[in-house]
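*Asks:* Please see the structure below; I have some questions.
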Amino acid sequence: MAAKCKFCGQEIFWMKDGRKNVPHELDGGVHNCEEMKKSRESFKKMDRGGLSPEEIAKYEAQINEAANKKKK
Ligand SMILES: [Zn+2]
């Protein structure tokens with residue numbers, strides 16, 4: 001499924017790997033950009049505090065917004 005990385009804006013596609021979706025670059029390699037790594041780290045930190053899905057969605061929206069602003 002073609003998509004855009006919501007962190008860096010690069011074109012990627014999602015492939016199921018077991019139970020989770022893993023982003024791949026169009027040439028086939030696993031996509032793993034700095035922006036994504038950073039957000040994963042902050043997700044991990046927030047997990048300990050126990051975030052609700054709504055709060056995570058809000059956080060994701062903020063990342064999207066920041067990524068969009070960067071492009072301009
Ligand atoms: Zn990316």
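*Asks:* May I have the convex hull volume per residue, in Å³, for the Cα set of the chain?
*Replies:* That works out to 103 Å³ per residue.
*Asks:* Need the full-extension length gain, Lys58 to His24, defined as separation in residues times 0.36 nm minus the C-alpha distance. One decimal, nm.
*Replies:* 9.8 nm
*Asks:* Roughly what angle does helix 53-71 make with the longest principal axis of the chain, taking Cα atoms, 0 to 90 degrees, to the nearest 10?
*Replies:* So the inclination is approximately 50 degrees.
*Asks:* Let me ask you something else. I'd like the trypsin sites (Lys or Arg not before Pro) in the range 1-39 restricted to DSSP loop residues with at most 12 other Cβ atoms within 10 Å, sorted by number.
*Replies:* Sparse-neighbourhood loop trypsin sites (Lys or Arg not before Pro): Arg19.
*Asks:* Next question. Under 8 Å for C-alpha pairs, at least 6 residues apart: give me the relative contact order for the range 2-71, rounded to a whole percent.
*Replies:* The normalised contact order for the range 2-71 reaches 26 percent.
Bear in mind these aren't lab numbers, they're just calculated from the coordinates by the rules spelled out. It should be emphasised that the depicted structure is a prediction, and the values quoted were computed from it without experimental measurement. No Cβ is skipped: glycine too gets one built from the backbone with ideal geometry, and neighbour counts run over all protein chains shown.
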